[in-house]
Amino acid sequence: MKTNSTNYRTCETTGKIVCLDAQRFIKLNAVSAVVFLLFGAIAAILLALTRWQTVHLLDAEWFYRVLTLHGINMLIFWIIFIEIAILYFTATSLLNSRLFSKGLAWISFALMMLGALMTNGIILAGEADVLMTSYLPLLAHPLFYLGIILFAVGALIGVGNFFGTIYIAKRDKTYKGSMPLVTFGATAAAIIAVVALLHGAIALVPTFTYSLGLTPEPDPAWYRLIWWGLGHMSQQINVCAMVAVWYFMATMTTGAKAPNEAVCRAAFVLYVLFINIASAHHLLVDPGVGAEWKIWNTSYAMYLAVLASMIHGFTVPASVEIGMRAKGYTRGLFNWLFKAPWKNPGFSAFFLSLVIFGFIGGITGVTLGTQQINIIAHNTLRIPGHFHATVVGGTSLAFMGLTYYVIPLIFQKDYIGRFWARIQPYIFASGIVLMSIGMSFAGSEGVARRTWDIDAAGIYGATTHLFLGMLGIGGILAFTGILIFVLLAVGTLLFGESNKGRAMKCWGVPETVADLTKEDGTVGEDKSAGEHSAGHDTRGTMVIVVIFLLAFAVYYFANWGALADVWWVR
């Protein structure tokens, strides 16, 4: 590819061409994401210390205000800012392409930032204590809806810029063969994002005009139905992006290669086709949709999306096992896992993300997605226990692991505080696990979600308060992990040693990152692919999968046993 040297640089670590326009907007969106992550984390620790009834920090008014702030910043602003950065990275750096439009990137960033600041400002002013779902007939200040709309429009423009960049790369033949698997996963996330954001526009634009007094109130049942096309599907953008990051980090940290990319791509297609169906479990008590629709979605069609996650949940660790065994770690079932680069925060973050997402988020999610179980558990703390494992323990932790490579590769700064970087994923992961388990079991005791004071009548015993204490302690640990992450990221940008003109300092990776990129421009395949194909030994992964299935069966049928106690019939 012919390039203008003023618009590109060559990465000294990977040898890939980096578009400087894309690099600028990767930086802007990534830094913004970390800032809003900190806002959301401060809100999170306040909430954890309030739900922990022994502390019970906030009063009722500020509890719901901070809960709104937490949900908006964590589930929308932090996640989508970093995902736009990921889209730009996968479409340019991984495809050797230029960014489609610098102007669109500026418009996207400006609208997203304006919308985020506007929304946060109106929440802190006490004019939008409506939580993230903002269900009608609860009504917030018009600027709350306008801020979210502006942010969504900006994100949609960013996604359009991504698709334009994919077109440029294909037209100019900047890469050979099929699209790299990581970029393919990002494309699936972008497709889901378009559908989710359009649902948001359909729901929020008439709500915004209603808040101005210009149009009648939208029907609350209609609003809920359409809003969940945004609310739940936007979290499935995260799932696709997270899985793409898993594949990328597996390659960057161990040289792993997916054993069968065609199957992995098919799994991403299953996400696009069926992941939106999972939102049905939020509508099980709504009269606006029929019983047949609810049963079909929660008892049958949902499992096509679950199948996609199970495929990725097998192929990612299997690729690591194959790669590590190809390097000589062949003894026994788990020598490859014990010898993996656990001191590398990129590896530990992504692998812990995989484990938490699968064993806690996945098992609880599939169980709670079942109609009969969900209809009892949905308004308890079990639901936040589930999605804190998926969105926080899964997605956020994976994105943190990615940052340990993005900053050296894109910002061209080597990390400071490398000891703290190595232990940060473990601190954060342990906090999220403790918090998710505490929430889930407190919910099983009947503790309601979104409720400020759960024990005014003194109806809960010591066991419930023990679980709420786990929630609080886990929240403190998770907040500590986030704080370390933010301080390391900001400190590295301000004081980190520049790696311009040389390769990044690796984290003790078995091979240098440069060795993981093929000369033909393909990304995500290491040079030992021939060794991999000689024998796909995945015995260790198969044992892990069997353990997962047994854990799922025990948890699933234990829930049915508890359900039989609730709906007992002679």
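Quick note: the coordinates plus some simple rules give every number you see, no bench work behind them. From a predicted model like this one, the values you see are computed outputs, not experimental measurements. Note that we place each Cβ from the backbone using ideal geometry, even for glycine, and neighbour counts take in every protein chain shown.
With contacts defined as alpha carbon pairs under 8 Å and 6 or more residues apart, what's the relative contact order of the chain in percent?
This gives 18 percent for the chain.
With only alpha-carbon atoms counted, please give the Rg and Dmax of the stretch 321-447, in Å.
Rg, Dmax (Cα atoms, Å): 17.5, 52.
Treat the count of other C-beta atoms within 10 Å as a stand-in for reagent exposure and order I123, I476 from fewest to most.
Listed from fewest to most nearby Cβ atoms, that is I476, I123.
If you place +1 on the Cβ of every Lys and Arg and -1 on the Cβ of every Asp and Glu, how big does the dipole about the Cα centre of the chain come out, in debye to the nearest 20?
Dipole about the Cα centre, nearest 20: 1560 debye.
State log₁₀ I(q)/I(0) for the stretch 124-236 at q = 0.16 Å⁻¹ as given by the Debye formula over alpha-carbon point scatterers of equal weight, solvent excluded.
Each listed q maps to, in turn, -0.76.
Please compute the modelled spin-label separation between N7 and W62, points set 7 Å along Cα→Cβ, answer in nm with one decimal.
Label at W62, label at N7, 5.2 nm between them.
Using just the alpha carbons, could you tell me how many Å³ per residue the convex hull of the stretch 14-128 encloses?
93
Distance check, please: which entries in K257/K294; K173/K339; K102/K343; K257/K413; K102/K505; K173/K327 exceed 29 angstrom between their Cα atoms?
With Cα atoms farther than 29 Å apart: K257/K294; K173/K339; K102/K343; K102/K505; K173/K327.
Find the eigenvalues of the gyration tensor of the Cα atoms of the stretch 261-365, then list the square roots of 5 times those eigenvalues as equivalent ellipsoid semi-axes, largest first, in whole angstrom.
For the stretch 261-365, the semi-axes come out at 36, 14, 10 Å.
Extending each Cα 7 Å along its Cβ direction at L550 and E127, get the distance between those two points in nm, one decimal.
Those two pseudo-labels are separated by 5.8 nm.
Quick check: the distance between the Cα centres of the stretch 377-394 and the stretch 307-367, to the nearest angstrom?
Rounded to whole Å, the Cα centres lie 22 Å apart.
Taking the Cα atoms of the chain alone, what are Rg (to one decimal) and Dmax (as a whole number) in Å?
23.1, 79
Once the piece of chain linking A262 and S498 is laid out straight, how much longer is it, given 0.36 nm per residue of separation minus the C-alpha distance between them?
Taking 0.36 nm per residue and subtracting the Cα distance, the gain is 81.0 nm.
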